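In what follows, a structure is listed as structure tokens, so that the remarks can point back to it.
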Amino acid sequence: MALSRQITAQITDLLKEYPQGLSITDIVKKIAINRNTAGRYLENLLVSGQVEMRHFGMAKIYALSNRMPQSAMLSISSDLVMHLDSSLRIVFANEPFLNILRVTSADLLGKNIEYSAAVPVFDNALEDFIAIVKTGISGKNWQGTLALNKGDRFYSCHVTPMVFHDGRKGVSVRLEDLTELRHREHALQESEARLRSIISAAPVGIGVVSNRVIFEVNNRLCQMTGYHASELIGRSARIFYTTREEYDAVGRDKYELIAQTGAGTVQTQWQRKDGSIIDILLSSAPLNSTDLALGVTFTALDITKRTRAEKALLESEERSRKLLEISPDAVILHRDGKIIYANTAAHTLIGASHPEEMIGKSVLDFIEPSSRDTVKANIRKDLGGEFSPHTELQMLRLDGTPVTVEGRGVRTLIDGKPAVLVALRNITERKLADENLKESERKYRFLAENSLDIINRQTPGCILTYVSPVVTPVLGYPAEEVLGRSLLEMVHPDDLDRVRQDLMRIMSAGLNRVTSSFRFRHRDGHYLWFESTTNIIRDPESGKILELFSISRDITERKAKEDALIASEERYRRLLEYSFDAIIINKEGKIAVANEAALAIAGVTSPADLIGRSIFDFIHHDSRHFVKMRVAALENTQSVTLPPAREKFIRPDGKIVDVEVMATRFIDNGIPAIQVVFREISDNRE
């Protein structure tokens, strides 16, 4: 049932009389309507916003609303607002809506929207819009976006169910123009897309932190550090730093610069995920300079190669400088004929105690007059870009003493101007050494050619490169016949392995010389014994073997005598071992040798029981004085042999043995010794 405008007016007029408000009981007392009718009218007035309700204890108090009328508010709104009733007739349209349609309220109000001037606004979206309005009339809110004017404009649409003053149902439609916002959002999206594309393709690492917590990184930063983005987002930037101290120092320095200039750049080191260290140039700027918590954008440039190159360059320059200072060669740099640099060796060469004694002076002042034209010509070649030759010349020390040098120059640039860098080596001593070497070689050749020993030089492969002339009278070979041949060809086959072993030992064991005895073949086929001493000649710098130098002496005659001596000693040894007589050799007061017969007479079983003991340990006290006299006679006189004598020996078991003794003095390996021969001549007795 439709609401009566008369009753609505009565209620609003009554509430005007009582601005403090009335309860529903008070209202029905003053107006002849029942309580249910009053409640329905008050509810409609509440919905339309004309009346407000507040609780006072258990009662509901109704009063006229003091707010601005809704129609007035809607008229000043920038949104497009219209009200439609359940028959789709336009009940209200605010000024912005009328303006966009270029019509008046009279042209629009009371007309069905499907046949009104609003149709061009909705165009082909009208059918969808009417369906949305009908949803609102049924009591459901709707909110969404409509594309109107053939998609040229976009509106946010809010459809809200409502009840008019007379109780009719309808909807309130509010259209908020989103076109500019959409355009700005689209432009922002395009800008952000371009920015993200640039960030993704940037050759530097880029990220954003807030309170030094990472919340955005680009691919390059991940590549630089070896981390995946998921491993960095939400983590503290401390993850990049090797120590807490470095992390704190970078933060302190960077944020101080941001506070001063709005941006901060520092150089630091980061640690990659794999543990390797990289050098980083870190630049940061806040998104909002007044609130750093909103975020700080940073760029990280990997300058590892650059810093290492710079470090290598500095180290190279430092090495070059130190090399010049410790160089044994004098180095002088001159420009326009004036010396602008001289190293320590140059000061020493010239005899200067201070650089000022050379710097600024003409380079020709230190050149002996006879060499100045040569030096001038070389300087012209150097400045012209030609290669001047190594030149030997005379220089003058500050005291006027001449010094012989060898050197050359090369063109260089100092502060963009041509200059000449000269390296000089003092060869005064070398020249003297060359002369001494020549003299030494003359003496060597004289000795080699007049030596009775064979002198030869050979390669590490034993190919003869020199042999002294004595090889002809000693071995029968002309010198030219053996040169270029292997020394080993003339060695006796039985001695060949031993000679090779000696040569290998001297070349591989680091020895400088080895002495060997072996046989050389004479040209006529017989062999002669030689004692050969071979020396290694090495390169003084590398230690590489350059050649072998040997001196070989003919020891054939000595070898024969040694062999005869060995044979004689062997015969003597056998005689000693197998003699029926007891024999001992007494050396330096101690028994040195004793044969089996001597052990038996002395009453012992092992040579160890006699060797090293005094012979008097076995002489009976009755014979000791006599024996001492005989020993003294051998030691202090020219007598070599004593005649046989009768003596008494005493065994370790106390038994006495009568023996006949004969003694002979001789020299054993350079030491005086006495050979005692004895035999038992009586039965043993106590």
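Mind giving me the nanometre distance, one decimal, between the label points for Arg306 and His625, set 7 Å out from Cα along Cα→Cβ?
11.3 nm
Note down the magnitude of the dipole of the range 71-182 about its Cα centre, charges +1 on Lys and Arg C-beta and -1 on Asp and Glu C-beta and zero elsewhere, to the nearest 20 debye. Could you put the intermediate results ahead of the total?
Details: 11 positive and 13 negative charges, 54 e Å.
About 260 debye.
Residue by residue, what Karplus-based ³J(HN,Hα) values in Hz, rounded to whole numbers, does the range 87-99 have, using 6.51, -1.76 and 1.60 with θ = phi - 60° and x for Gly and Pro?
With coefficients 6.51, -1.76 and 1.60, one gets 8, 6, 7, 7, 9, 8, 8, 7, 4, x, 5, 5, 5 Hz.
For the pair Ile555 and Asn288, how long in nm is the line joining their label points, each one 7 Å along Cα→Cβ?
Those two pseudo-labels are separated by 10.4 nm.
So which GluC sites (Glu not before Pro) in the range 348-454 pass both tests, a DSSP loop state and at most 12 other Cβ atoms within 10 Å of the Cβ? Intermediate values should be presented prior to the final figure.
Details: sites: Glu356, Glu357, Glu386, Glu392, Glu406, Glu429, Glu435, Glu439, Glu441, Glu449; in loops: Glu386.
Within the range 348-454, the qualifying GluC sites (Glu not before Pro) (loop, at most 12 other Cβ atoms within 10 Å) are Glu386.
Return the loop-located GluC sites (Glu not before Pro) in the range 635-670 (DSSP other than H, G, I, E, B) with at most 11 other Cβ atoms within 10 Å of their own Cβ; answer none if there are none. Mind showing how you got there, number by number?
Working: sites: Glu635, Glu647, Glu660; in loops: none.
Filter output for the range 635-670: empty list.
About the Cα centre, and with charges only on the beta carbon of Lys, Arg (+1) and Asp, Glu (-1), how big is the dipole of the chain? Nearest 20 debye, please.
Numbers: 88 positive and 91 negative charges, 517 e Å.
Rounded to the nearest 20 debye, it is 2480 debye.
For the chain, build the charge dipole from Cβ charges (+1 Lys, Arg; -1 Asp, Glu) around the Cα centre, then report which of Thr261, Leu281, Tyr241 sits farthest towards its positive end.
In the chain, that residue is Thr261.
Classify the range 5-64 from the C-alpha gyration tensor, please: rounded if a/c falls under 1.5, else prolate or oblate depending on whether a/b exceeds b/c. Spell out each step's value before the answer.
Values: a/c = 1.32, a/b = 1.18, b/c = 1.12.
It comes out rounded by the Cα gyration axes.
Identify which of the listed values of semi-axes √(5λ) of the Cα gyration tensor in Å was calculated from the structure shown: (1) 39, 31, 26; (2) 57, 39, 23; (3) 130, 49, 26.
Comparing each candidate, only (3) matches the computed number.
Can you give the extra length, in nm with one decimal, that the chain gains between Glu216 and Glu317 once fully stretched, where that is 0.36 nm per residue apart less the Cα-Cα distance? Before the final figure, lay out the partial values.
Values: separation 101, 0.36 × 101 = 36.36 nm, distance 4.22 nm.
Contour length minus the Cα-Cα distance gives 32.1 nm.
For Met162, list long-range residues whose amide hydrogen, built 1.01 Å from N in the peptide plane, is under 5 Å from its own amide hydrogen.
Amide H neighbours of Met162, under 5 Å, 5+ apart: Gly170, Val171, Ser172.
Considering amide H positions built from the backbone, and no H for Pro or chain starts, which residues 5 or more places from Lys361, or on another chain, come under 5 Å of its amide H?
Here the answer is Ile339, since their amide H atoms fall under 5 Å of that of Lys361.
Give the cross-link partners of Lys29 among the aspartates and glutamates, using a straight C-alpha distance below 19 Å as the criterion and excluding same-chain residues fewer than 8 apart.
Asp13, Glu17, Glu43
Lys/Arg Cβ at +1, Asp/Glu Cβ at -1, dipole of the chain taken about the Cα centre: which of His621, Thr290, Ile359 is farthest positive-ward?
Thr290
With point charges of +1 on the Cβ of Lys and Arg and -1 on the Cβ of Asp and Glu, referenced to the Cα centre of the chain, which listed residue (Thr374, Met53, Ile506) lies farthest in the positive direction of the dipole?
Result: Met53, furthest along the dipole toward the positive end.
Taking the mean number of other Cβ atoms within 10 Å as a proxy for protection, how do you rank 564-576, 592-604 from highest to lowest? Walk me through the numbers on the way to the answer.
Values: 564-576: 11.1, 592-604: 19.0.
Ranked from most to least packed, the peptides come out as 592-604, 564-576.
Give me the dipole magnitude in Debye, nearest 20, for the range 327-431 about the Cα centre, with unit charges on the beta carbon: positive for Lys and Arg, negative for Asp and Glu. Intermediate results must be reported in sequence, preceding the final value.
Details: 14 positive and 14 negative charges, 54 e Å.
Here the range 327-431 has a charge dipole of around 260 debye.
Read the figures in this text as sums done on the coordinates, not as results from a lab. As the structure is a computational prediction, the values presented were derived from the model and not from experiment. Cβ sites come from the backbone with ideal geometry, for glycine too, and all protein chains shown count toward neighbours.
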